[in-house]
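*Asks:* Handing you this structure, nothing more for now.
The values are calculated or read from the model by the stated rules, or taken from the named source; none is laboratory data. Quick caveat: nothing in here was measured; it's all calculated off a predicted structure. Note that we place each Cβ from the backbone using ideal geometry, even for glycine, and neighbour counts take in every protein chain shown. The area values use the complete protein model at the heavy-atom level, side chains included, leaving out ligands, DNA and RNA. Shrake-Rupley method; radii C 1.70, N 1.55, O 1.52, S 1.80 Å.
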Amino acid sequence: MGDWFSREISDTGRLRLSCFLLAFIVGFLFIRFSVRMIRRQVRWWPGNVTPGGQHIHHVVFGLVFM
């Protein structure tokens, strides 16, 4: 695995692109998991962010982090 990673990713200059792809996939899965937990109203999950009664969509956090 390490040999393949060095040959196909590191040596060809695709390390940044691979890291970006991995971060995108992990972020997507985290948001999907969060939505599932909020809809099921799981007690230990933080739930929706609603300061002053106004719901903040999860895309807002993604834009801020970008």
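*Asks:* SER18: accessible area at probe 1.4 Å, nearest 10 Å²?
*Replies:* 40
*Asks:* First compute the accessible area of the chain with a 1.4 Å probe, then give the percent of it belonging to carbon and sulfur atoms. Display every interim value, and only then the final one.
*Replies:* Values: 4010 of 6170 Å².
Carbon plus sulfur share of accessible area: 65 percent.
*Asks:* Provide the per-residue ³J(HN,Hα) series for the stretch 27-37, in order, calculated from phi with Karplus coefficients 6.51, -1.76, 1.60 and θ = phi - 60°, each as a whole number of Hz, with x at glycine and proline positions.
*Replies:* After applying 6.51 cos²θ - 1.76 cosθ + 1.60, I find x, 4, 5, 5, 5, 4, 5, 4, 4, 4, 5 Hz.
*Asks:* Rank these by accessible area, largest first, 1.4 Å probe: PHE28, PHE65, PHE5. Intermediate values should be presented prior to the final figure.
*Replies:* Numbers: PHE28 115, PHE65 175, PHE5 85 Å².
Sorted by accessible area, descending: PHE65, PHE28, PHE5.
*Asks:* Out of GLY53, SER34, LEU15, whose Cα points farthest toward the positive end of the dipole of the chain (charges: +1 Lys, Arg; -1 Asp, Glu; placed on Cβ)?
*Replies:* About the Cα centre, the residue reaching furthest to the positive side is GLY53.
*Asks:* Which value, in Å², gives the accessible area per residue of the chain when a 1.4 Å probe is used on the protein heavy atoms? If you can, show how the numbers build up before the last one.
*Replies:* Numbers: 6170 Å² over 66 residues.
Ligands and nucleic acids excluded, the figure is 93 Å² per residue.
*Asks:* Kirkwood hydrodynamic radius, computed over distinct alpha-carbon pairs, for the stretch 1-65: how many Å, to one decimal? Intermediate results must be reported in sequence, preceding the final value.
*Replies:* Numbers: mean 1/r = 0.0687 Å⁻¹.
Roughly 14.6 Å, rounded to one decimal.
*Asks:* Gain in length, VAL59 to ARG43, computed as 0.36 nm per residue apart minus the alpha-carbon separation, to one decimal in nm?
*Replies:* On the way: separation 16, 0.36 × 16 = 5.76 nm, distance 2.30 nm.
Between VAL59 and ARG43, full extension yields 3.5 nm more.
*Asks:* Given the options GLY13, GLY27, GLY47, state which has the largest fluctuation in a GNM of the chain using a 10 Å cut-off (strictly under) for Cα springs.
*Replies:* Among GLY13, GLY27, GLY47, the largest mean-square fluctuation in the Gaussian network model of the chain belongs to GLY13.
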